[in-house]
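Asks: Pasting in a structure now, in structure tokens, and then I'll have a few things to ask.
The values are calculated or read from the model by the stated rules, or taken from the named source; none is laboratory data. Treat the numbers as computed from the prediction; the structure is a model and nothing was measured. Areas reflect the complete protein model, heavy atoms only, side chains present, ligands, DNA and RNA absent. Shrake-Rupley method; radii C 1.70, N 1.55, O 1.52, S 1.80 Å.
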Amino acid sequence: MAYIEPEPDFEKLASDELEAAAGADTKEKRRAHLDQAAIYAALGERSREPGHSIK
């Protein structure tokens with residue numbers, strides 16, 4: 001039987017990035033973390049749509 005890798009927990013990943021953004025010491029780092037959080041949030045939304053997967 002083939003191993004099926006579970007999809008990542010995008011909500012947790014987005015939350016982690018938001019926490020990292022809150023603790024960032026520069027605007028550039030904060031912006032990078034916020035951008036990554038937005039990407040994870042979008043992937044999470046897409047993965048919840050019926051018939052969609054990020055794989």
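Asks: When the accessible area of the chain is split by element with a 1.4 Å probe, what percent falls to carbon and sulfur?
Replies: 56
Asks: Also, I was wondering about something else. In whole Hz and in residue order, list the ³J(HN,Hα) couplings for the stretch 34-42 that follow from phi through the Karplus curve 6.51 cos²θ - 1.76 cosθ + 1.60, θ = phi - 60°; x for Gly and Pro.
Replies: After applying 6.51 cos²θ - 1.76 cosθ + 1.60, I find 5, 4, 5, 4, 5, 5, 4, 5, 5 Hz.
Asks: Which angle from 0 to 90°, rounded to the nearest 10, does the C-alpha axis of helix 10-22 make with the longest principal axis of the chain?
Replies: With rounding to tens, the tilt is 10 degrees.
Asks: Something else: Using only the Cα atoms of the chain, each taken as one equal point scatterer with no solvent, compute I(q) by the Debye sum, divide by I(0), and report log10 of the ratio at q = 0.23, 0.26, 0.27 Å⁻¹.
Replies: Log-scaled intensity ratios, in q order: -0.82, -0.93, -0.97.
Asks: May I ask you to give the solvent-accessible area per residue for the chain, in square angstrom, as obtained with a 1.4 angstrom probe? Can you show the working numbers first?
Replies: Values: 4460 Å² over 55 residues.
Accessible area per residue: 81 Å².
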